[in-house]
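First up is the structure itself, then whatever we jot down about it.
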Amino acid sequence: TKLSSELSPSFHVAPRGLRRLPLLLLQGTNMWGFGVVLAVFASLCGTAGKQLLRFAELKRLEGVALEDVDIGKAQKKARQGRLSRISGFFIIAICGPLLDIASYGFAAQSMIAPFAGTDIVANMLLAPFTLQETWTRTRVAGAIFVASGAIMTAFFGPQEDQEYTRAYVEEVVFSWRVFGYMLVLSAFVASNIVFHSRRPHGDILRGLSLGITSGTLAGNMFCVKATVELLKAVAREGWEVWAHWVPWVCLAGAIVFALSNLRFMEQGMREQEALLMGTLYEGSLVLSGCTSGIVVLQELEHRTGREIGLY
């Protein structure tokens with residue numbers, strides 16, 4: 001008993017119920033396949049949420065058109081639109097992120113991010129039936145290219161994951177390299193905001209900018225990855241890990257990235273069809289997720305040149 005106490009002091013820090021969660025997560029560090037499954041479900045939640053937002057806007061427009069003809073039907077359409085909008089936001093802001101958070105506890109970010117391409121396939125298959133949108137050759141080809149590239153990237157990505165500690169997260173995330181990355185990201189997002197704010201509503205280039213901006217922000221999941229890994233570190237190091245400022249800054253960053261993209265995505269879904277916005281959003285999410293995993297978390301640091309090239 002004494003030896004066990006000396007070797008495992010962290011088990012005496014938290015109540016038994018709280019200890020079980022990080023232990024279960026710790027046991028799944030090599031279960032990257034389970035992480036992929038969770039990522040796919042999170043992506044499908046994104047499909048449902050975005051289609052509900054688009055459906056809400058269509059119902060709102062139908063209600064506006066009926067205001068001078070049948071006020072009762074107009075109000076019914078408006079209620080349907082509000083309910084769909086609330087449901088869409090709930091799925092996108094709550095359900096999807098919870099599944100995303102869980103998935104990042106089982107696999108590297110560079111491995112998980114490409115599976116957001118699942119959303120593109122699901123959206124392309126469902127939108128003509130749920131939203132009466134039209135397939136075109138260019139849209140189908142574009143969706144196939146983005147989805148195929150995303151899925152192939154996942155197979156060539158890192159299937160092993162780094163063991164994170166508080167010191168490691170501080171060293172990797174809070175560095176001049178990441179500071180430079182954040183400067184470039186901020187400039188890119190700011191330039192997009194300036195660009196689409198000057199374009200008229202419904203303009204295709206404005207929609208392009210809105211989709212890219214929202215997807216780029218949403219794909220920067222390195223703060224989520226770091227937060228989940230620091231929760232897992234509790235099983236090894238105890239809850240003292242969270243007595244430091246690093247985990248709380250990572251948690252705040254995860255919340256900022258998760259919420260900041262919603263405004264741009266919601267605006268884009270109001271103005272453009274789901275077939276266009278879904279592909280733009282998820283394609284940008286995959287690119288930014290993979291890029292931030294490589295640049296910020298250095299997940300390809302120990303890969304060969306051939307493996308990096310295939311990725």
Solvent exposure of the chain as accessible area per residue, Å², 1.4 Å probe: 51 Å²
In range of the label at S175: residues from the range 216-257 whose backbone nitrogen is under 20 Å from the point 7 Å along Cα→Cβ: 220-230, 245-251, 253-254
Helix 204-219 axis, angle to the chain major axis (alpha carbon atoms, nearest 10°): 20 degrees
Label-reachable residues, the range 238-252, where backbone N falls under 20 Å from a point 7 Å from T165's Cα toward its Cβ: 238-250
Crossing angle, helix 16-27 versus the chain [Cα axis fit, 0-90 degrees, rounded to tens]: 80 degrees
Calculated from backbone phi, Karplus (6.51, -1.76, 1.60) coupling profile of the range 178-186 in Hz, x at Gly/Pro: 6, 4, x, 4, 5, 5, 5, 4, 4
Length gained when the stretch M182-H302 is fully extended (0.36 nm per residue, less Cα-Cα span): 40.9 nm
Among [x] 1.03; [y] 0.95; [z] 1.26, the entry that matches Rg/Rh (Cα atoms, Kirkwood Rh) as calculated here: [x]
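First compute the accessible area of the chain with a 1.4 Å probe, then give the percent of it belonging to carbon and sulfur atoms. Write out the running numbers ahead of the final one.
On the way: 10630 of 15830 Å².
Taking all protein chains in place, the chain shows 67 percent carbon and sulfur surface.
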Separation of the A141 and A252 label points, Cα + 7 Å toward Cβ, nm: 4.8 nm
Relative contact order, percent, the chain [alpha-carbon distance under 8 Å, six or more residues apart]: 27 percent
Separation of the K73 and L259 label points, Cα + 7 Å toward Cβ, nm: 4.0 nm
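The values are calculated or read from the model by the stated rules, or taken from the named source; none is laboratory data. No experiment lies behind these values; they were computed from the predicted model shown. FYI the Cβ positions are ideal-geometry reconstructions off the backbone, even for glycines, and counts take in every protein chain you see. To get the accessible areas, we keep the full protein, side chains included, count just its heavy atoms, and leave off ligands, DNA and RNA. Shrake-Rupley method; radii C 1.70, N 1.55, O 1.52, S 1.80 Å.
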